[in-house]
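Notes follow once the structure below has been shown.
The values are calculated or read from the model by the stated rules, or taken from the named source; none is laboratory data. Predicted model, so just to flag it, every value in this text is computed and none were measured. Note that each Cβ is placed from the backbone with ideal geometry, even for glycine, and that neighbours are counted across all protein chains shown.
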Amino acid sequence: MTCRDLRVYVVDPEVAFREALASNLRDDGHTVGESANGLELSERSLIVGNLVTITEYELPQVTGLQLADRLHAVRRDLPVIVVTACDLRIVEAMTGKRPYVWILPKSASYDEIHSLVHRTAAKSRH
């Protein structure tokens, strides 16, 4: 896997954050999809290949962890990075033993997010 062969899906209702992150990922050579709520990602056809999902914890219709559960029902090893402004201790406690879920503060730098995208993708079987 190289730095330029990942498909990343960014889910965040905050347009400015979602578009800035997606733009940076595209500038680094990734194929990027965007959504305000991520519910369409439950479709099996969208969960193929080297895909990493980055989602906000607080979404309009489900939480980021509920979205991760839906995605993992289709593909167990799909990396999901939950980026949140919520108290990390609370979100981490709710994460429990979910494999393939990582938590970052929304204040994380782009370099931190980008690095985690590659580390999580490397742990995935696809």
Collect the residues in segment 49-73 that are under 12 Å from residue 94 (Cβ atoms) and of a type in the set (Gly, Ala, Ser), keeping them in residue-number order. 64, 68
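Would you please name the residue that is surrounded by the fewest Cβ atoms within 10 Å (Cβ to Cβ), looking only at residues in segment 52-99 that are in a strand (DSSP E or B) and touching a Ser or Thr at 6+ places or on another chain (Cβ under 8 Å)? Step through it out loud before you land on a result.
Residues of segment 52-99 that are in a strand (DSSP E or B), as a first pass: 52-56, 58, 63, 80-84.
Among the residues that remain, those that are also touching a Ser or Thr at 6+ places or on another chain (Cβ under 8 Å) are: 52, 56, 58, 80-83.
Details: 52: 24, 56: 25, 58: 16, 80: 27, 81: 23, 82: 28, 83: 24.
This residue is 58.
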Result of the Cβ filter at 6 Å on segment 83-106, keeping first residues that are under 14 Å from residue 67 (Cα atoms) and modelled with pLDDT of 85 or more and partners that are part of a loop (DSSP other than H, G, I, E, B) and of a type in the set (Asp, Glu), at least 6 apart or interchain, is 100/77
